[in-house]
Amino acid sequence: MSRMLRGWIQYAEEHQKQYESTIGEDGVLGPAWAQIGDGIRQLLNGDLGRLDAGTLDSIINDNLIEQKFDPEQL
């Protein structure tokens, strides 16, 4: 779970480095990236071992909001 989350965040960071614009500004990749984040968020309902689902959910929500996506509208 933590690797998926890190990869999702890293994808957005690498996009910004390469294109000098945020993933949220990309009309094609941005929505797909947001859907992946929503999918990861849904997986928080499964067994997470020692991970805290609330903390992970906050990280996902914060990243979605930063990229101008409404987490409640996904």
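The values are calculated or read from the model by the stated rules, or taken from the named source; none is laboratory data. What you see is a predicted model; the values in this text were computed from it and never measured. For neighbour counting, all protein chains shown are included, and Cβ atoms are generated from backbone atoms with ideal geometry for every residue, glycine included.
Residue check: residue 69 meets all listed conditions (1) part of a helix (DSSP H, G or I); (2) surrounded by 15 or more Cβ atoms within 10 Å (Cβ to Cβ); (3) not small (Gly, Ala, Ser) but one, namely (1). Output yes when any residue across region 3-19 is assigned to a loop (DSSP other than H, G, I, E, B) and at pLDDT 95 or above, and no when none is. Within region 3-19, none of the residues are assigned to a loop (DSSP other than H, G, I, E, B) and at pLDDT 95 or above.
Residues that are surrounded by 15 or more Cβ atoms within 10 Å (Cβ to Cβ) and among the polar types (S, T, N, Q) were ranked within region 36-66; the one that is farthest from residue 9 (Cα to Cα) is 61.
On inspection, residue 29 fails the criterion of being on the phi < 0 side of the Ramachandran plot, over 10 Å from the mean Cα position of the chain (by Cα), of a type in the set (A, V, I, L, M) and at pLDDT below 95.
The residue that is surrounded by the fewest Cβ atoms within 10 Å (Cβ to Cβ), among those in region 1-35 that are touching a helix residue (DSSP H, G or I) at 6+ places or on another chain (Cβ under 7 Å) and of a type in the set (Gly, Ala, Ser), is 30.
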